[in-house]
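Worksheet: the structure to be examined is printed underneath.
The values are calculated or read from the model by the stated rules, or taken from the named source; none is laboratory data. These numbers were taken from a predicted model, which means no experiment stands behind them. Note that we place each Cβ from the backbone using ideal geometry, even for glycine, and neighbour counts take in every protein chain shown.
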Amino acid sequence: MQMAFVQELNEPLSNEERNLLSVAYKNVVGARRSSWRVISSIEQKTSADGNEKKIEMVRAYREKIEKELEAVCQDVLSLLDNYLIKNCSETQYESKVFYLKMKGDYYRYLAEVATGEKRATVVESSEKAYSEAHEISKEHMQPTHPIRLGLALNYSVFYYEIQNAPEQACHLAKTAFDDAIAELDTLNEDSYKDSTLIMQLLRDNLTLWTSDQQDDDGGEGNN
């Protein structure tokens, strides 16, 4: 439905339309990501029990959820590549970063459930989209802009959860947080709430990730 709307429009979306589209797809894919995590956990426990019939049922349900998740992600990625990113003008930096971040996000969601060569391909695509968005945001957007901050948040999560690169994740998150703190006077009144919320999430992740690293270092020291 959303895809047909954008295809018919074939021109840039307003900020409100862009946000509505993003939220609509995020709700659809979010439900399936949550279901996949739950069923994957059940599958692990079932495998330990050794009940073959139950294992097969759980596996079939997980694969069904994966297909649904992949279909939604491919729908969004097609929309982004064929319409939304393509329709951005050279100077529409905010929209370009927003859509490239979204592209990185949906490839990241695919990476969460993919394996082998397929995983390697979607991880590379996610990295490429995030990296391009990151370069544009650094050059053309204030460090306190909520879209730039949101990109840094998700890109750092990609490094931590998908790439298993905690040092890069912490560096990216810390740089984004510190840069925003240094320019708090540029904070737009309209986006103050969004920006400060994302800054808090960046700080929360940094606290969690540095704590995890210290625990890992401690564990290695004892072994």
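In the set E189, E183, E135, E220, only one residue is among the acidic types (D, E) and modelled with pLDDT of 95 or more; that residue is E135.
Of all residues in the stretch 138-151, none satisfies being surrounded by fewer than 24 Cβ atoms within 10 Å (Cβ to Cβ), in contact with a Leu (Cβ under 8 Å, 6 or more places away or on another chain) and not in a loop (DSSP other than H, G, I, E, B). Scanning the stretch 83-132 for residues that are among the polar types (S, T, N, Q) and under 15 Å from S156 (Cα atoms) yields S126, S131. Say whether the condition of being loosely packed, with under 15 Cβ neighbours inside 10 Å, in a helix (DSSP H, G or I) and in contact (Cβ under 8 Å) with a residue 40 or more places away in the chain is met by at least one residue in the stretch 98-114. No, there is no match, as no residue in the stretch 98-114 is loosely packed, with under 15 Cβ neighbours inside 10 Å, in a helix (DSSP H, G or I) and in contact (Cβ under 8 Å) with a residue 40 or more places away in the chain. Of all residues assigned to the stretch 56-74, none qualifies as being within 30 Å of Q142 (Cβ to Cβ) and of a type in the set (G, A, S). The criterion of at least 2 residues that are buried (at least 16 other Cβ atoms within 10 Å of the Cβ) and modelled with pLDDT of 90 or more is met, among helices (runs of 4 or more DSSP H) falling completely within the stretch 1-88, by 15-49, 52-79. Scanning the stretch 156-213 for residues that are of a type in the set (S, T, Y) and assigned to a helix (DSSP H, G or I) returns S156, Y159, Y160, T175, T186, Y192, S195, T196, T207, T210, S211.
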